[in-house]
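The values are calculated or read from the model by the stated rules, or taken from the named source; none is laboratory data. No experiment lies behind these values; they were computed from the predicted model shown. All Cβ positions, glycine included, derive from the backbone under ideal geometry; neighbour counts span all protein chains shown. Note: areas computed on protein heavy atoms with side chains; ligands, DNA, RNA excluded. Shrake-Rupley method; radii C 1.70, N 1.55, O 1.52, S 1.80 Å.
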Amino acid sequence: MARKQITLNDPSRFKDPANLTWERYVALQARERERYLAERAAIPAEAMAYQTVSPRYLERAVDQFANNYYSELSATHYIATAAANAPFDELKKCCLFQLADEQRHLEMDREVFERAGIPERDWLPAWEAPGTTCRFFRHVLELEDTIEILVKANFVAEGAAGPGTFAVLADGAEARGDIFSAVNHRARVRDETRHISFARALVRALIDDDPSNLDVIQRWQDDSLQLFVEVARGGERREWWEGFLTSYYKIALPLGLRPSTLPV
Ligand SMILES: [Fe+2]
Ligand SMILES: [Fe+2]
């Protein structure tokens, strides 16, 4: 395994902010599942069959569907690695609960592709095309260190992508007749918020534990945002990108991080 760049010398500094136990988590997810299934059941059949959207919408939405599906698929893999290599139990617990969340998100997004009638052979090429978040997630999938994974994926990427960005995506989909995607985005954001808050608690603990950790976290932030820059190119996603950075800096700057220098 690669050399550890950060160690939390005093693991008692980290506490799960959601204060979940296995029992509480299972109860929470059962309620969420019930709520999601009720919202899904209320969607008209034509909308579930993607007959309420224009053919042009579907053509353009394949990229977005791929960004949703493959980032969730990546998340199930990297958070499993993070759980397996977790340096202490409280952190392992948070990773394992997240693994169950990401697995559900993945299934929701798979169903979107299927109901929209997009052949599976088109999914991966859409994800690997320029302008997607593929480069970032492929990088995270190569990592083995739990803390590096959580800082880059949960703190930086989810911190940036949630909850404002998901609201934009949900409203945009709904306005174009894609109710199912809207319901999925609104369901996922409730979990992502929890993933962000335990990552933020971890970052705070790391900085309190040893202020020099801030330099490593700054470098991880710079590297991560750099891998996202291509998504903003071409201007089309400009608004998304602005929201992405704004959400992230709202979380990061109060912890002492500085904005990254990015060539956009
Ligand atoms: Fe997710
Ligand atoms: Fe997540």
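Computed quantities for the displayed model
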item: For the chain, with +1 on Lys and Arg beta carbons and -1 on Asp and Glu, the positive-most of T165, N67, N85 along the dipole; result: T165
item: 0 to 90° range, to nearest 10: angle between helix 164-175 axis and the chain longest Cα axis; result: 0
item: FRET efficiency, F88 to Q226 (Cβ-Cβ, R0 51 Å, nearest 0.05); result: 0.95
item: Average accessible area per residue (Å²) across the chain - probe 1.4 Å, nucleic acids and ligands excluded; result: 47
item: Extension gain from A129 to R35, taking 0.36 nm per residue of separation minus the Cα-Cα distance; result: 30.4 nm
item: Solvent-accessible area, 1.4 Å probe, carbon plus sulfur percent, for the range 93-219; result: 55
item: Principal-axis tilt of helix 213-232 within the chain, Cα atoms, nearest 10 degrees; result: 20
item: Between 0 and 90°, nearest 10: helix 89-115 axis offset from the chain longest Cα axis; result: 20
item: Portion, in percent, of the accessible area of the range 224-264 that falls on carbon or sulfur, probe 1.4 Å; result: 52
item: Span from the the range 1-68 Cα centroid across to the the range 196-264 one, whole angstrom; result: 21
item: R0 of 25 Å, Cβ-Cβ distance V168-A49: FRET efficiency to nearest 0.05; result: 0.50
item: 18 Å Cα-Cα reach of K92 towards aspartates and glutamates, excluding residues that sit fewer than 8 places from it in its own chain; result: D10, D16, E23, D101, E102, E144, D145, E148, D191, E192
item: Rounded if a/c under 1.5, otherwise prolate or oblate - the range 2-99, Cα gyration tensor axes; result: oblate
item: Ordering of 156-168, 221-233 by burial proxy (mean other Cβ atoms within 10 Å per residue, highest first); result: 156-168, 221-233
item: Reciprocal mean inverse distance between Cα atoms of the chain - Kirkwood radius, Å; result: 19.1
item: Summed side-chain charge close to T261 - residues other than T261 whose Cβ falls under 13 Å, Lys, Arg +1, Asp, Glu -1; result: 0
